[in-house]
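The values are calculated or read from the model by the stated rules, or taken from the named source; none is laboratory data. As the structure is a prediction and not an experimental result, all values here were calculated from the model. Backbone-built Cβ (ideal geometry, glycine too); neighbour counts: all protein chains shown.
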């Protein structure tokens, strides 16, 4: 019968779902037993052993009678995984008669495996190897792997290391304060790259969306007004945009609405529903309000008429996060999470459908930073997200990329200065800084640091002297970075007033 | 009319072509985005309505072309199950990242006589989202601190022949890893699921 012990044990091991009859005792049982009968340790053996051990022990104990029972017990308990033999007679395993018998008589017999057993083994193989050994083999093309040239450093390192913005820096010809003029609290501002949460009106009101509320901050007086609050606290404001005249504010929400508010009356004028997902970007072109949604669709709303939804622009497959009409109202630039920049005409083509006049695919990340040059109507600046980190300058008529700079950081927002031939961009990790660039050389003029988390949005004051930055550190900072020199300002004003005198005299 | 139908449909050969092409551009994107090779050795190429970066290094190009050609053959025979891009540190040969593309072949399609209806445009759209996701992974994948090399593993059927110069290998898993599933695309003949596993950062 001895030869069956091994076989039975083997079967009982393989049958993982069955209760293990001769498994080691639980620790608490062992402890209890050790405590009660420390002298009678021989009796414990058989019940303590692992199934594998039982097979070995059945003959090994009889062959080594000299071994003290106490020692063997301790040893077996301590190394339950060791298979056969001991260190004095290492080849004892060769003498295992039942194993030999098994190998001789049973090994080559077809195994009568039940389907569940087979499946179980397969599952084990899949778990351990990630694939079924029976059905696949892994191949690789031989030869040495191709290494990058010596001394090459992963250029992604810049993303994670503290480093100043690259590019030649230009000594500023004017004084740019390196600290913010004012710091305001913006509690609970949503740290979401895809939203556009601040806008500055021509009447000097700064609209700030803080989660489910919109506040208006008067730059001149410092007054704060709560314009609106969402009824459902789970919903939030996803975008704000002022009409050019500054009397109406468009608000996009997380429940896909586009609302129109009269700020004087503090009343909602319209609620325009046409999208099916949150509205993260808004832009005005006279009476046309364009809204970009998470679905990738851009809708034109004519705010004067009842049937406000006048056009749908389908050019993005993912969320639209950057949306700007050109100052002359001829083109709409849109940037999306699908890494595309589309330039749309203001009127549809012959087919009655809107098709983009240009599509730029160069960015490798989502494009939220979109801004038109105020003095050259066909020049556009765009900035890409973390996987791209580039600012690109485009000629939208020819479709050519005029310039590209790697900023080594996420570009969250970009604005052109109206007072200087410069741009300002807001960045994320690692410096959370604002950078002023000279146009068209794209040399760095200044870096404004202070935010402790990424910059989310930028807005410029109507006189073009101040830039507001909203950041994920829940602050708004106002930077007097484009202030016009008082002397040149006076001269300009003089020139303007003399012009108006001429106008008057002509009249 | 019949000609038009064939144009819209997809054959086994066409499917193998599309999938192997996806791998060529996909692997190049991984190599560029993960900074395995210097950015200067990549050039821009227009594909799937995207601007993608492909290597200009002659050795690397040669290697990739060889693998992709072989892969196309296997795809045509429906013998391939997975393609894996393994990124290892050169210093200590530790496996840091593992991009796994599971390929499901429809083995009922034996030759080019069967034409499946799926417009190339839709397939391209699906591929585009996978490639975009690969691009976007830099935002969450840990930085590869040391110089790295990559290896390509292909899981084939047990009965397929091992071609010359190819050898068998282990699965090369990342120890202590975190996994992220990406989108999939399907040509209706081949379906490709994507996944990336990377080393968990100890906090």
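Annotations for the structure displayed:
- Subset of segment B:132-159 that is surrounded by fewer than 17 Cβ atoms within 10 Å (Cβ to Cβ) and more than 7 Å from chain A (Cβ to nearest Cβ) - its residue that is farthest from residue A:319 (Cα to Cα): B:159
- One residue stands out among those in segment A:375-399 that are in contact with a strand residue (DSSP E or B) (Cβ under 7 Å, 6 or more places away or on another chain) and surrounded by fewer than 16 Cβ atoms within 10 Å (Cβ to Cβ): the one that is modelled with the highest pLDDT, which is A:395.
- Scanning segment A:301-323 for residues that are surrounded by fewer than 21 Cβ atoms within 10 Å (Cβ to Cβ) and part of a strand (DSSP E or B) yields a count of 6.
- Residue in segment B:179-187 that is in contact with a helix residue (DSSP H, G or I) (Cβ under 6 Å, 6 or more places away or on another chain), closer than 17 Å to residue B:23 by Cα and not in a strand (DSSP E or B) present: yes
- Some residue of segment B:77-89 being part of a loop (DSSP other than H, G, I, E, B), surrounded by 17 or more Cβ atoms within 10 Å (Cβ to Cβ) and touching a residue at least 12 places away in the same chain (Cβ under 8 Å): yes
- Residue match in segment B:108-119 (condition: more than 9 Å from chain A (Cβ to nearest Cβ) and outside any loop (DSSP other than H, G, I, E, B)): yes
- Residue check, residue A:347 more than 14 Å from every other protein chain (Cβ to nearest Cβ), touching a strand residue (DSSP E or B) at 6+ places or on another chain (Cβ under 9 Å) and surrounded by fewer than 21 Cβ atoms within 10 Å (Cβ to Cβ): no
- Failed criterion for residue B:171 (all others in (1) crowded, with 20+ Cβ neighbours inside 10 Å; (2) under 17 Å from the mean Cα position of the chain (by Cα); (3) at pLDDT below 90 hold): (1)
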